[in-house]
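The values are calculated or read from the model by the stated rules, or taken from the named source; none is laboratory data. Just so it is clear, the structure is predicted and the values come from calculations on it, not from any experiment. Positions of Cβ are backbone-derived with ideal geometry, glycine not excepted, and every protein chain shown enters the neighbour counts. We work out accessible area using only protein heavy atoms, side chains counted, and drop any ligands, DNA or RNA first. Shrake-Rupley method; radii C 1.70, N 1.55, O 1.52, S 1.80 Å.
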Amino acid sequence: MLKLGIIGTNWITDQFLEAANITKQWQLTTIYSRTKQRAQEYSEKFHAQEFFTDIDEFFNSGVFDVVYIASPNSLHYQYARQAIENDKHVIVEKPAFTNPDEFAQIEALLQAHPQVRLVEAARHIHTPMFAAVKKQVASMNQIQGATLTYMKYSSRYDQVLAGKTPNVFSLEFAGGALQDLGVYPVYTAVALFGEPNSVVYFPTMIATKADGKGVAILRYDDFEVTLNFGKTSNSHLESEVYGLKDTLVMDNPAELTKAVYYDERQQKHHLEAPVADNSMVGELQDFASLLANPDDEEQLNKYQAWFKLSRQVNSLLYTLRQSAGIEFPADNR
Ligand SMILES: NC(=O)c1ccc[n+]([C@@H]2O[C@H](COP(=O)([O-])OP(=O)(O)OC[C@H]3O[C@@H](n4cnc5c(N)ncnc54)[C@H](OP(=O)(O)O)[C@@H]3O)[C@@H](O)[C@H]2O)c1
C-alpha cells in the first residue's frame, strides 16, 4: 500500500480519495489543512492516522510516501518544492505549475532527487476511453483538424456576479477558464497531435480580470485545432477530430464517456472502453503502478512520457496566456 498525504480538502480531494479506495492500492495516512477544525473533521471522515496544520511539520514528520496537492493553482509550486526536498513523491492537480520558469525549477529539483517522481493529475488522459480515442486518431489516414469543446457554468461564477473573487477566478491564485477547464482540451490536443507551431487565445474577460471563457486556435503544419472552453456558460456541443471522409466524435475532452468513429462510408463504430463511475480511477491505477515500481523500465517510460506531456502543456498554457495578455502575480515572483 502506498501511504498518502493530502493538501487541500475541497470536493476534488473527496473524489480522489474515493477513487484511491476503489483501486485498493492506497492508504490515506496524513492530512494537511490550514485550520485544526477542518483537519480534524476531514481526518475523521476519511479515517486518516494523523493531521497537521503546519506545512513544515506535515512534510518533516508526516508518515506518508506520496503527497496529493489539490490547493489553488498558484500554491502548487511551493508545496511540490517542499515535497521533493523531503523526498516525497508528488501527485499535483492540473494545471501543475503556473509558468515554464516554475516548471524548469521543479524539473531541476527532481534531478537533484532522482528517486522522487512527480505526476500531474490530468485524469482524462489516464482513462481507457482516452487510450481508445488516441488509437483511433492514430489510425486515421489524414487529419484535417479538430474542434474540442468543454464549457460548464461554474457555481462560483455566481459569486463573481455578486462582486466577489473566488480563487478559481482570481489572478492571484492563477485561476481563469484557460487554467481551469481549458487545460483539458489543451492536454487532449497535445496528446493527440503534439505541440502546435503557433497559437492564439481570444478570451472573454470577466470582472475579476481573469478569463471566464474563450476560444483558442492551435496551428499545426497541415491543420488547425480550435478549443472552445469556459466557466461562465454551458455548452452542449460534442468534440470532433476531422479526417478526410471520416470523423471521430466524442462527448467532451474532460469527461470522455463516449466516442464514435464515422468511417469514410459514414458507418458508425462505437469505441469500446470501460468507463469508471469515478473518473479519477484510471490515474490512480496508473500512478500506483508507477510509484510501487518507480524504477521498472516500462513504468519509467510511461513516467517520462507523462512528464514530457506535462511540460508541453505547461508551456502551451503560458504561450496562450501571453497571446491574450493575461499575467499572474506568480509570473513575476
Ligand atoms: N481533476 C479535476 O477534476 C479537478 C476538479 C476540480 C479542481 N481541480 C484542481 O484542484 C485544485 C484545487 O481546486 P479547488 O477548486 O478545490 O480550489 P479551492 O477550493 O480554492 O481550494 C482547495 C483547497 O485548498 C485550500 N485552500 C483554499 N484557499 C487557500 C489559500 N488561500 N491558501 C492555502 N490553501 C488554500 C483549502 O483547504 P484547507 O481549507 O483544508 O486548507 C481548500 O479546500 C486546483 O488546482 C484545481 O485546478 C481538479
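Using a cutoff of 8 angstrom between alpha carbon atoms and counting only pairs six or more residues apart, the relative contact order for segment 79-142 works out to 36 percent. Toward the positive end of the charge dipole of segment 2-122, with +1 on the Cβ of Lys and Arg and -1 on the Cβ of Asp and Glu, the farthest Cα among PRO95, GLN25, PHE58 is that of GLN25. Using a cutoff of 8 angstrom between alpha carbon atoms and counting only pairs six or more residues apart, the relative contact order for the chain works out to 19 percent. Compute the angle between helix 76-85 and the longest alpha-carbon principal axis of the chain, please, reported from 0 to 90 degrees and rounded to the nearest 10. In the chain, helix 76-85 runs at an angle near 50 degrees to the longest axis.
Residues whose amide H comes within less than 5 Å of that of LEU118, counting only those at least five positions distant or on another chain, are VAL90 (H built at 1.01 Å from N in the peptide plane). Relative to the current alpha-carbon distance between VAL260 and SER289, full extension at 0.36 nm per residue lengthens the span by 7.5 nm.
When a 1.4 Å probe is rolled over the protein heavy atoms, the share of accessible surface on the chain that falls to carbon and sulfur comes to 46 percent. Solvent-accessible surface of the chain, averaged per residue with a 1.4 angstrom probe and all protein chains in place: 45 square angstrom.
Give me the net charge of ASN234's neighbourhood, meaning all other residues with Cβ under 12 Å from the Cβ of ASN234; Lys, Arg count +1, Asp, Glu -1. Result for the local shell: +3. Coupling constants for segment 214-224 follow from the phi torsions by the Karplus curve (6.51 cos²θ - 1.76 cosθ + 1.60, θ = phi - 60°), and in residue order they are x, 10, 10, 10, 10, 9, 10, 3, 10, 7, 10 Hz; glycine and proline get x. Using a cut-off of 32 Å between Cα atoms, the listed pairs LYS3/LYS36; LYS164/LYS302; LYS152/LYS308; LYS36/LYS88; LYS88/LYS213; LYS45/LYS164 include LYS164/LYS302; LYS88/LYS213 as exceeding that distance. Among 147-155, 174-182, 268-276, the peptide with the highest mean count of other Cβ atoms within 10 Å heads the list, and the full ranking is 174-182, 147-155, 268-276.
All other residues whose Cβ lies under 14 angstrom from that of SER289 are scored, Lys and Arg at +1 and Asp and Glu at -1, for a net of -3.
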